[in-house]
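Working notes, structure below.
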Amino acid sequence: MQLRFTAYNCGTGYNRNAPDEVVADLNRETLSLHMITDGVGSRWYQVSGKLGGVGADANVDAVVSEVVRRAAQVRSMVLNMCGWSRGAVTCIKIANKLNGDPATSGIPVNIFAIDPVPGGAAINNHMWQSINMTGNIKMCNVVLSQHDRRSLFTPYYPPVLGPFTDVDIMPGDHSTIVEKHKGRSEAYELVKDMAKRFLMARGTVFKSNTLLTPAEILTRYALIAEHFDDYAHVAKGAGMFFGSRFEGARPIKGVKPFDDPKSPEAILARLGDKRQEIAKLLPVKPQFFLNEHHRMVFQQLFPALTNEIDYPPEKAFSITNHRAWSEEFIRLMESGMVEQFKMCLTYYMACVAKQAKTLKAAA
């Protein structure tokens with residue numbers, strides 16, 4: 001029999017008792033064998049932990065020690081992990097350390113990493129080390145917050161070396177997507193549901209198997225879309241003025257591989273500076289789908305409408321495919337998903353208006 005063991009790693013300044021926070025919530029709801037590490041700076045080394053990640057190595061060692069102990073008692077095991085912020089980085093570090101030991105390198109590891117932020121200052125260089133996508137990681141799902149623009153909260157983007165790495169975004173800042181905030185709970189609820197599904201699919205057992213229905217997921221995305229300006233404006237680092245809500249971008253950094261180990265860049269990397277900017281997250285509202293998760297769930301229920309939305313606005317909702325998408329439009333209207341229907345109707349009207357304007361200009 002294969003043992004399924006789950007490890008949760010809290011974010012900086014947070015611990016297992018945090019209310020309405022995804023990692024702590026899932027830990028409390030887990031029935032199968034599991035453990036949790038409190039975030040750096042939450043109990044001890046509060047200043048050095050928050051600023052420099054002091055204590056992360058101790059959390060890595062605690063989980064690795066428990067995995068080694070459990071593995072010695074069974075023929076085989078799978079390690080599932082979920083973490084946020086430096087806790088998400090801790091998950092990857094744990095996988096790297098297990099992979100480096102022949103006695104544990106064969107243990108499959110699955111990670112749900114929520115906005116992995118190692119830390120931006122030089123004193124956090126150690127957090128950027130041992131975060132490779134090692135061969136023992138069988139699946140890694142990463143969710144990045146779209147709207148946090150603080151330089152010290154630059155997230156880590158794992159190299160996509162195979163089908164086991166999946167990255168998506170979620171509107172909101174670093175804490176909004178993982179913590180329940182009054183008036184902005186939709187992102188937290190969606191991320192929690194995504195993490196729970198990920199863990200359940202890999203053997204973690206919860207007290208309740210209740211998950212959001214597709215209709216509930218789409219309703220939450222529609223509400224985020226309706227209040228997107230608010231999500232963008234209140235994000236940390238966005239600036240105090242409403243007009244700056246869509247200014248700036250969130251840099252994403254990765255660890256650069258070097259072809260020439262003697263190059264100046266490689267020498268600096270060995271000294272700790274392994275970070276390079278590989279992309280930016282813009283704070284603007286997408287054309288329709290807020291992320292790939294939104295698109296996939298919508299497509300499950302309304303494939304013909306999804307096809308039309310995927311076209312450029314000038315070609316969307318064509319007469320040729322009218323029967324297919326109009327039937328789904330009616331079904332969406334009658335489904336009770338009022339917010340998602342309003343979102344779709346607004347987009348449909350915008351496409352029609354754009355097409356009419358194009359025709360008028362060509363006449």
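When the chain is treated as a GNM with alpha-carbon contacts under 10 Å, the residue of 180, 196, 342 showing the greatest mean-square fluctuation is 342.
For each of 131, 278, count neighbouring Cβ atoms within 10 Å of the residue's Cβ, then give the residues from fewest to most.
Values: 131 23, 278 13.
If I rank by nearby Cβ atoms, fewest first, I get 278, 131.
Simple spin-label estimate for residue 342 and residue 357 gives 2.3 nm between the two label positions (7 Å along the Cα-to-Cβ direction from each Cα).
Ranked by the mean number of other Cβ atoms within 10 Å per residue, highest first, peptides 20-33, 93-106 order as 20-33, 93-106. Rounded to the nearest 5, the antiparallel percentage of DSSP beta bridges internal to the stretch 126-262 is 10%. Using the alpha-carbon atoms, what tilt in degrees (0 to 90, nearest 10) does helix 292-301 show relative to the longest principal axis of the chain? Approximately 50 degrees, to the nearest 10. Rg then Dmax, both in Å and based on the Cα atoms of the stretch 31-106: 13.2, 42. Taking amide H positions as modeled 1.01 Å from N, with prolines and chain starts lacking one, the residues under 5 Å from residue 148 and 5 or more places away or on another chain are 174.
In the frame of its principal axes, the stretch 2-211 has Cα extents of 46, 41, 35 Å, reported largest first. 3J(HN,Hα) along the stretch 50-65, derived from phi through the Karplus expression 6.51 cos²θ - 1.76 cosθ + 1.60 where θ = phi - 60°, amounts to 6, 7, x, x, 4, x, 5, 5, 5, 5, 4, 5, 4, 5, 4, 4 Hz, with x in place of Gly and Pro. Amide H to amide H, with H built 1.01 Å from N, residue 80 comes under 5 Å of 5, 6, 7, 110, counting only residues 5 or more places away or on other chains. Considering only 175, 42, 326, the mean-square fluctuation computed in a Gaussian network model of the chain, springs between alpha carbons under 10 angstrom, is largest for 326.
Working from the alpha-carbon coordinates of the chain, get Rg over Rh, Rh being the Kirkwood radius.
Values: Rg = 22.2 Å, Rh = 21.9 Å.
We get a ratio of 1.01 for the chain.
By other beta-carbon atoms within 10 Å, ranking 45, 311, 156 with the fewest at the front produces 311, 45, 156.
Using only the Cα atoms, work out Rg/Rh for the stretch 91-206, with Rh taken as the Kirkwood radius, to two decimals. Write down the numbers at each step before the final one.
On the way: Rg = 15.1 Å, Rh = 15.2 Å.
With Rg and the Kirkwood Rh in hand, the quotient comes to 0.99.
DSSP bridge analysis restricted to the chain gives an antiparallel fraction near 20%, rounded to the nearest 5. Between residue 36 and 8, the built amide H atoms are under 5 Å apart, and every one of these is 5 or more places off in sequence or on another chain. A dipole drawn for the chain from +1 and -1 charges on Cβ atoms has a positive end, and of 62, 356, 316 the residue lying farthest that way is 62. The long axis of helix 322-334 is offset from the longest Cα principal axis of the chain by roughly 70 degrees.
Alpha-carbon geometry of the stretch 292-362: the Rg and the Dmax are 12.4, 40 Å, given in that order. Residue separation of residue 182 and residue 319 scaled by 0.36 nm, minus their Cα-Cα distance, works out to 45.0 nm of gained length. Seen against the Cα atoms of the chain and their longest principal axis, helix 186-200 is set at about 60 degrees.
Every read-out reported here was derived from the displayed coordinates using simple, explicitly stated rules and does not represent laboratory data. Since this is a predicted model, take the numbers as computed values, not measurements. Glycine also receives a Cβ, built like all others from the backbone with ideal geometry; neighbour counts cover every protein chain displayed.
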